[in-house]
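The values are calculated or read from the model by the stated rules, or taken from the named source; none is laboratory data. Remember, it's a predicted structure, so these values are computed and weren't measured experimentally. Positions of Cβ are generated from backbone atoms using ideal geometry, with glycine treated the same way; all protein chains shown enter the neighbour counts.
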Amino acid sequence: MTYDAKPWLKSYDPGVKERIDIPDISIKDYIVNSYQKYSDRAAAHYLGTTMTFGELLEQSGRFATALAAKGYGKGDVVAINLPNTPQYLIAISGALRAGCAVSGLAPLLMPDEMDYQLNDCGAKVLITLDLLFEGKYLPVADRTPKVEIVLVSGVFDPLPSVTEYPQGKPIDGKTVTGFYDFLAEYPDTPPDVTVTGSDPCYLQYTGGTTGPPKGAILSHGNMIANVYQFEIWMGMETGKEVWLSGFPMFHQAGLFVCTCALAWAATQVLIPDPRNVDHIVKEYEQFRPTFIINVPSLFLMLLASDDFRKQDFSQVRYCMSGAAPFPVDAMVDLESVVGKNKMVEVWGMTETSPLITVNPGKSTKKLGSVGLPLPNTRFRIVDLSDGWTEVPLGEEGELICSGPQVMQSYLNKPEETENALRNHDGGVWMHTGDVGRMDEDGFVYVVDRAKDMIIVGGYKVFSSEVEDKLYKHPAIEMCALVGVPNPERPDSEIVKLVVQKSAAYKDTPDDNVAEEITAFAKEKLSPYKVPKQFAFIDAIPLTSVGKVNKKRLRS
């Protein structure tokens, strides 16, 4: 059977079709219609405050008016350097209403990284947290000549008790002022801007794991396609959902979650610090979300909380996870807490808006699989060496896709664009760099990033497969598999396991733990997959979105 036969269709939920009609509307118009229709509904709960969609409509209108008054619109970029706060929702909505594109900057970026991204995307306006302004932006402000306006905001600015807002410090050649003071200067009379499907919506940067971060240009057409694919797939009920997500909005996964919630008038429980598990549990208990969406590492942190495990999850429709592998045993544990068949794993990437595959909403899911290709998506698995020859079902290869959610290009990087987006068989295909396989029912399993694959004596070792098996050992709280050069064989690598020990093994000597894990691995894995080196650390390093930072571990 070939991939063009689409074996995944037989596993679709009833009523979900192979092809769906994508509305001819911009994200800008979609969200404005939603705000107007559900003006009295809560758009966001944040640190004890609530912002309605009507308030979001009015404040984003002021921001759009201010941008237009300063001469910004189509073709301009607004960069947002904030945690998940109401200001982020206002900034996204207002920038899009002015016709601008939005680019997220991770708060954990160092000054040189901010400098690079701001100059690469050509942002004219920067919205940043007061603490980040002082420590991260000021050192490189003179190296970002395209930034003309800097708006400073604090984490507590939306609280009613706050009446004076951070202003920042003057910078020669730039206007620096408080975000909320900037809004107050202008009325809610946004410009009437016509935005088409081909206009840039988001300019989102990749993690830069193999080089400098690349800016993926995602159009309004890309985003509305992916939003609508997901809406049909999950059977969303507009104006009825409550979402709790620790995904940061500067990351494409978090930005997509936010965009969907805005489009469907879903109330968002905003989490400014996803590592504060106690706060998340309290917010869950108060607002009782219908959707919980997190990176696997945050779900693991929640599962370690007794307060989380004793909550009532009867109203939760789904727990959704993506952006990194989720150990199957942990997913089974999560479903034992929240309810059977509620775990939905997804897969995608910044360059695809981001979703490519999703587990079924209603039908039987396969834990460990990232699900089925979405409607309107062509999908294949191809040979790693030539990038086009299809491999049989069940065999590993590179995952590639073609569909309306695939980005326009990388900004300022024609060679990287040509390598990622390739013309085959009458379509433009995204070569994802992920390695995986598909079973006979059309379910996709991601086994590794191509760059994370370890070669041992000519054999391929897929790190996520080995990690998933080793997670069953009680000594392992978190772990990561990496390859290190083999000095005796330049064409081969040594398998190294980095371990964060569980509380039960905290006082057990490292050598003893290594012996235990080695014996366990020999029972579960082929000899070439068994780790030969170990490193024990207090905490596995994570990226700003919560993925294991293998780039840092390798270095």
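In segment 356-379, is there at least one residue being among the basic types (Lys, Arg), in the same structural domain as GLU241 (by TED's automatic domain parsing), touching an Asp or Glu at 6+ places or on another chain (Cβ under 6 Å) and not in a strand (DSSP E or B)?
If we filter segment 356-379 for residues that are among the basic types (Lys, Arg), which is where we start, we get 362, 365-366, 378.
Retained after the next criterion (residues that are in the same structural domain as GLU241 (by TED's automatic domain parsing)): 362, 365-366, 378.
Add one more test, that the residue is touching an Asp or Glu at 6+ places or on another chain (Cβ under 6 Å), and what stays is 362.
Pick out the ones that are also not in a strand (DSSP E or B) and you get 362.
Yes; the residues of segment 356-379 include at least one that is among the basic types (Lys, Arg), in the same structural domain as GLU241 (by TED's automatic domain parsing), touching an Asp or Glu at 6+ places or on another chain (Cβ under 6 Å) and not in a strand (DSSP E or B).
Yes/no matrix, rows are residues, columns are (1) crowded, with 18+ Cβ neighbours inside 10 Å; (2) closer than 30 Å to GLY104 by Cα; (3) of a type outside the set (Ser, Thr, Tyr); (4) in contact with a Phe, Trp or Tyr (Cβ under 8 Å, 6 or more places away or on another chain):
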residue	(1), (2), (3), (4)
TYR459	no, no, no, yes
SER463	yes, yes, no, no
LEU470	yes, no, yes, yes
ILE476	yes, no, yes, no
PRO487	no, no, yes, no
LYS506	no, no, yes, no
ALA535	no, no, yes, no
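Would a scan of segment 207-215 turn up a residue that is modelled with pLDDT of 95 or more and not assigned by TED's automatic domain parsing to the domain that holds LEU355?
Just the residues of segment 207-215 that are modelled with pLDDT of 95 or more, to begin with: 215.
Cutting the leftovers down to not assigned by TED's automatic domain parsing to the domain that holds LEU355 gives us 215.
For segment 207-215, residues modelled with pLDDT of 95 or more and not assigned by TED's automatic domain parsing to the domain that holds LEU355: present.
Quick check on this structure: which one of VAL155, VAL150, VAL195 is surrounded by 17 or more Cβ atoms within 10 Å (Cβ to Cβ), modelled with pLDDT of 95 or more, assigned to a loop (DSSP other than H, G, I, E, B) and in contact with a Gly (Cβ under 7 Å, 6 or more places away or on another chain)? Give the steps one after another, and end with the answer.
On the way: VAL155 fails: in contact with a Gly (Cβ under 7 Å, 6 or more places away or on another chain); VAL150 fails: assigned to a loop (DSSP other than H, G, I, E, B).
On inspection, the qualifying residue turns out to be VAL195.
Could you list, in sequence order, the residues of segment 341-354 that are charged (D, E, K, R) and surrounded by 20 or more Cβ atoms within 10 Å (Cβ to Cβ)?
Let us first name the residues in segment 341-354 that are charged (D, E, K, R), namely 342, 345, 351.
Matches in segment 341-354: GLU345, GLU351.
Taking into account only those residues within segment 389-415 that are acidic (Asp, Glu) and buried (at least 17 other Cβ atoms within 10 Å of the Cβ), which is nearest to PHE443 (Cα to Cα)?
Restricting to residues being acidic (Asp, Glu) and buried (at least 17 other Cβ atoms within 10 Å of the Cβ), the top hit is GLU396.
For segment 470-507, name all the residues that are in contact with a helix residue (DSSP H, G or I) (Cβ under 8 Å, 6 or more places away or on another chain) and outside any strand (DSSP E or B).
If the condition is that a residue be in contact with a helix residue (DSSP H, G or I) (Cβ under 8 Å, 6 or more places away or on another chain) and outside any strand (DSSP E or B), then LEU470, TYR471, LYS472, HIS473, PRO474, ALA475, TYR505 are the ones that fit.
Condition check ((1) hydrophobic (A, V, I, L, M, F, W, C); (2) within 20 Å of GLY94 (Cβ to Cβ); (3) in contact (Cβ under 8 Å) with a residue 12 or more places away in the chain) across all residues:
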{"position": "PRO191", "(1), (2), (3)": "no, yes, yes"}
{"position": "LEU203", "(1), (2), (3)": "yes, yes, yes"}
{"position": "SER219", "(1), (2), (3)": "no, yes, yes"}
{"position": "ASN226", "(1), (2), (3)": "no, no, yes"}
{"position": "MET236", "(1), (2), (3)": "yes, no, yes"}
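Just to confirm my filter: which strands (runs of 3 or more DSSP E) fall fully inside segment 399-450 and include at least 1 residues that are farther than 30 Å from PRO23 by Cβ?
Details: elements: 421-424, 427-438, 444-449.
Qualifying strands (runs of 3 or more DSSP E): 427-438, 444-449.
Can we say VAL102 is more than 22 Å from GLY254 (Cα to Cα) and of a type in the set (A, V, I, L, M, F, W, C)?
It is false that VAL102 is more than 22 Å from GLY254 (Cα to Cα) and of a type in the set (A, V, I, L, M, F, W, C).
Looking at segment 277-295, which of its residues are in a strand (DSSP E or B) and polar (S, T, N, Q)? Talk me through it step by step, then tell me what you get.
Residues of segment 277-295 that are in a strand (DSSP E or B), as a first pass: 291-294.
Of everything in segment 277-295, just one residue is in a strand (DSSP E or B) and polar (S, T, N, Q), namely ASN294.
Would you call ILE27 touching a His at 6+ places or on another chain (Cβ under 7 Å), within 19 Å of SER93 (Cα to Cα) and of a type in the set (A, V, I, L, M)?
On the way: touching a His at 6+ places or on another chain (Cβ under 7 Å): yes; within 19 Å of SER93 (Cα to Cα): yes; of a type in the set (A, V, I, L, M): yes.
Spelling it out, ILE27 is indeed touching a His at 6+ places or on another chain (Cβ under 7 Å), within 19 Å of SER93 (Cα to Cα) and of a type in the set (A, V, I, L, M).
Could you give me the residue pairs with C-beta distances under 6 Å whose first residue belongs to segment 536-555 and is at pLDDT 85 or above, whose second residue is charged (D, E, K, R) wherever it lies, and which are 6+ apart or on separate chains?
So the pair list comes out as PHE536/ASP510; PRO541/ARG552.
What residue, among those in segment 237-276 that are assigned to a helix (DSSP H, G or I) and out of contact with any Phe, Trp or Tyr (no Cβ under 7 Å at 6 or more places or on another chain), is surrounded by the fewest Cβ atoms within 10 Å (Cβ to Cβ)? Can you show your working first?
Of all residues in segment 237-276, those assigned to a helix (DSSP H, G or I) come to 252-263.
Adding the requirement that they be out of contact with any Phe, Trp or Tyr (no Cβ under 7 Å at 6 or more places or on another chain) leaves 252, 256, 258-259, 262.
Details: GLN252: 27, PHE256: 28, CYS258: 23, THR259: 26, LEU262: 26.
Out of the qualifying residues, it is CYS258.
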